[in-house]
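See structure below.
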Amino acid sequence: MNITEMLSFGFMQRALVGGSLIAILCSVLGVFLVLRRLSLIGDGLSHVTFGSVALALLFRLHSFYMTLAIIPLVLASSLGILKLAERARIYGDAAIGIVSALGVATGVMLASMAGGFNIDLFSYLFGNILSISSSELAIAAVLFVIVISGVAIFYNDLFASTFDEELAKTSGIDTGRINAILVLLTALTVVLAMKVVGIMLISALLILPAVTALQLSKGFRTAIISSAFIGVCTVVVGISVSFVMNLPTGATIVLVNFVTFLCAFAARTLLRRR
Amino acid sequence: MNGAALAIRNLRAGYHGSEALRDVTFSVSRGDYLGICGPNGSGKSTLVKVILGLVTPQSGEISLLGTPRDSFKEWRRIGYLPQGLQFFNPHFPATVDEVIRLGRLSGKSFPRRFGREDTLAVERTMDWMGIGHIRGRMIGELSGGLRQRVLLARALVNEPELLVLDEPTTALDPETRESFYKLIYEMNRERGTTVLLVTHDTATIGKYATHLLYLDKKVIFCGDFDDFCNSSEMTGLFGEHGQHLVCHRH
């Protein structure tokens, strides 16, 4: 099958457009999260998403309403992680662990109440971007605009807080508010990304393009742009390869990302030796 | 309190129930170079954090450049250089130019955007500090001395009226340390920048500072450096050889 033929399918067009939008969000936010050692927040929030999906499935919500219904739950959980770390005087990773475990436990409990794991729940666990509908693509586009505008508006504050939080505070930046904005934007992105790679693999989409870009980047802005470029390329290649070779899409995207990371790592090692 | 660069009255501060500072009262006139020293755990760094709004005091009044600290918003008028970055990541992908530019954020209101005047201020500071040739280098690739110089440039990029330095040369070799302090001294003399330097090194204070604050949870001495050298506090703290150890200006 050639590229023209592949692109002639409506579901492929939607998958490539939706996947690219979500890849840009994950890759851009990923740079901030990785550098702030918050990479696993994506993992924690995805587990909360699992619990929220199970709840939505219990009420037999249509997939279009599903995304809208779980957004507030995941947003609240993201703020919960921050508050827990702040108020309970525990480190961020422990707070992520607590919220993450709570999300999975709730999900399993609700799935059990609904009569066990079904095909719908599995499709959210492992993602199925090829089934993205026009209405879901529209939601993705709206959320893309919201998240990317948020990053653009707070770019310098996010950069300063990521570089050094104490120095950022002495520049008059409200780092507490910036941290909240970052996790809220991440929560929105996680909800979107669940469709592409599935709940189980969301953190890979947040981490891999960012760490790949960080291998070779010479500056913060170039790291952000490179990460977005790598994210889009790997998602497009992953979707195409999975379609042609009849492989699971989410897993293929993650493996393509990992291979890209290995190449960047090797290139960096070679450049350093020269 | 209004004419002073910094005025503190009856300050009490601490962490989780323990007391780090009590009844601290002193003021710093504009253009002064104040060295702050004291033993480990004497509250030097806490004092800096309280001044900069990083730690909330339990009680007391603080006035920064004539404004109560709680309502102080003009952070561009204050430069801060810590001992090192809080959690420095040597792989952080920021260039020297980008790091210095971050210092310009304190002068901006939402949404903080950089313009041509920021580029010019960054260029000017890099040229003045002789680091223009490394503008494109990554911050993590630099030696400790150069990195502190870049962070000093970040602190100076707004030409602050008050510069706060918290043990800025701890990790530097003696030669780099010396050139670093000369630069600060030059700035204090030529630009009239008020300097607050926290250090363990009393010899450095003796060499460059005009005033000294000796802290041990409370103020033991605050005043002119030469007065300190002739004071009973100095003999009490450093013994009969204190004159030679601390007060000998090289």
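The values are calculated or read from the model by the stated rules, or taken from the named source; none is laboratory data. It should be emphasised that the depicted structure is a prediction, and the values quoted were computed from it without experimental measurement. Note: ideal-geometry Cβ built from the backbone for every residue, glycine included; neighbour counts use all protein chains shown.
Observations, loosely collected:
- All of A:Ile98, A:Ile132, A:Ile153 fail the test of being among the hydrophobic types (A, V, I, L, M, F, W, C) and within 30 Å of B:Val157 (Cα to Cα), apart from A:Ile153.
- Evaluation of A:Ser131 against (1) buried (at least 18 other Cβ atoms within 10 Å of the Cβ); (2) more than 14 Å from chain B (Cβ to nearest Cβ) (one fails), failing number: (1)
- Those helices (runs of 4 or more DSSP H) of the range A:20-113 in which 3 or more residues are of a type in the set (Val, Ile, Thr), free of Cβ contacts under 8 Å to residues at least 60 places away in the same chain and over 24 Å from A:Ser227 (Cα atoms) occupy A:92-113.
- Filter result (under 25 Å from A:Arg272 (Cβ atoms), over 15 Å from the mean Cα position of the chain (by Cα) and among the polar types (S, T, N, Q)) within the range A:212-262: A:Thr212, A:Gln215, A:Ser217, A:Thr222, A:Ser226, A:Thr260
- Pairs with Cβ under 7 Å, 6+ apart, first in the range B:133-157 and within 14 Å of another protein chain (Cβ to nearest Cβ), second among the polar types (S, T, N, Q) and part of a helix (DSSP H, G or I): B:Ala153/B:Thr125; B:Leu156/B:Thr125; B:Val157/B:Thr125
- Filtering the range A:157-213 to residues that are away from chain B (no Cβ under 14 Å) and among the basic types (Lys, Arg) leaves only A:Lys195.
- Scope the range B:71-113; condition aromatic (Phe, Trp, Tyr) and more than 7 Å from every other protein chain (Cβ to nearest Cβ); matching residues: B:Phe72, B:Phe87, B:Phe88, B:Phe110
- Number of residues in the range B:158-178 that are surrounded by 21 or more Cβ atoms within 10 Å (Cβ to Cβ) and free of Cβ contacts under 8 Å to residues at least 40 places away in the same chain: the value is 1.
- Qualifying residue in the range B:173-186 (condition: within 14 Å of chain A (Cβ to nearest Cβ) and either more than 25 Å from B:Ser63 (Cα to Cα) or of a type in the set (A, V, I, L, M) (or both)): no
- Taken over the range A:1-16, the criterion of being part of a helix (DSSP H, G or I) and either surrounded by fewer than 15 Cβ atoms within 10 Å (Cβ to Cβ) or without any contact (Cβ under 8 Å) to a residue 24 or more places away in the chain (or both) is satisfied by A:Ile3, A:Thr4, A:Glu5, A:Leu7, A:Gly10, A:Phe11, A:Gln13.
- Of residues in the range B:34-70 being in a helix (DSSP H, G or I), within 14 Å of chain A (Cβ to nearest Cβ) and not hydrophobic (A, V, I, L, M, F, W, C), the one farthest from B:Glu233 (Cα to Cα): B:Asp70
- Test for B:Ser18: is it within 25 Å of B:Ile220 (Cα to Cα) and touching a residue at least 24 places away in the same chain (Cβ under 8 Å): no
- Here is the figure for the range A:232-252: residues that are under 30 Å from B:Ala94 (Cα atoms) and in contact with a Leu (Cβ under 7 Å, 6 or more places away or on another chain) total 1.
Results for (1) under 14 Å from A:Met194 (Cβ atoms); (2) at pLDDT below 90; (3) β-branched (Val, Ile, Thr), shown as yes or no for each residue.
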{"residue": "A:Ser39", "(1), (2), (3)": "no, yes, no"}
{"residue": "A:Thr67", "(1), (2), (3)": "yes, yes, yes"}
{"residue": "A:Ala76", "(1), (2), (3)": "no, no, no"}
{"residue": "A:Tyr91", "(1), (2), (3)": "no, yes, no"}
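- Unique match (being buried (at least 16 other Cβ atoms within 10 Å of the Cβ), closer than 24 Å to B:Thr202 by Cβ and either modelled with pLDDT of 95 or more or touching a strand residue (DSSP E or B) at 6+ places or on another chain (Cβ under 9 Å) (or both)) among B:Ile62, B:Ile51: B:Ile51
- Condition check for A:Phe144: crowded, with 18+ Cβ neighbours inside 10 Å and more than 11 Å from every other protein chain (Cβ to nearest Cβ): yes
- Considering B:Thr25, B:Thr95, the condition of being surrounded by fewer than 18 Cβ atoms within 10 Å (Cβ to Cβ) and polar (S, T, N, Q) is satisfied by B:Thr25 alone.
- Matching residues in the range B:191-207 - criterion: being buried (at least 21 other Cβ atoms within 10 Å of the Cβ) and farther than 18 Å from B:Cys229 by Cα: B:Thr193, B:Thr194, B:Val195, B:Leu196, B:Leu197, B:Val198
- B:Asp97 being out of contact with any strand residue (DSSP E or B) (no Cβ under 9 Å at 6 or more places or on another chain), under 27 Å from A:Ser149 (Cα atoms) and either without any contact (Cβ under 8 Å) to a residue 60 or more places away in the chain or among the aliphatic types (A, V, I, L, M) (or both): yes
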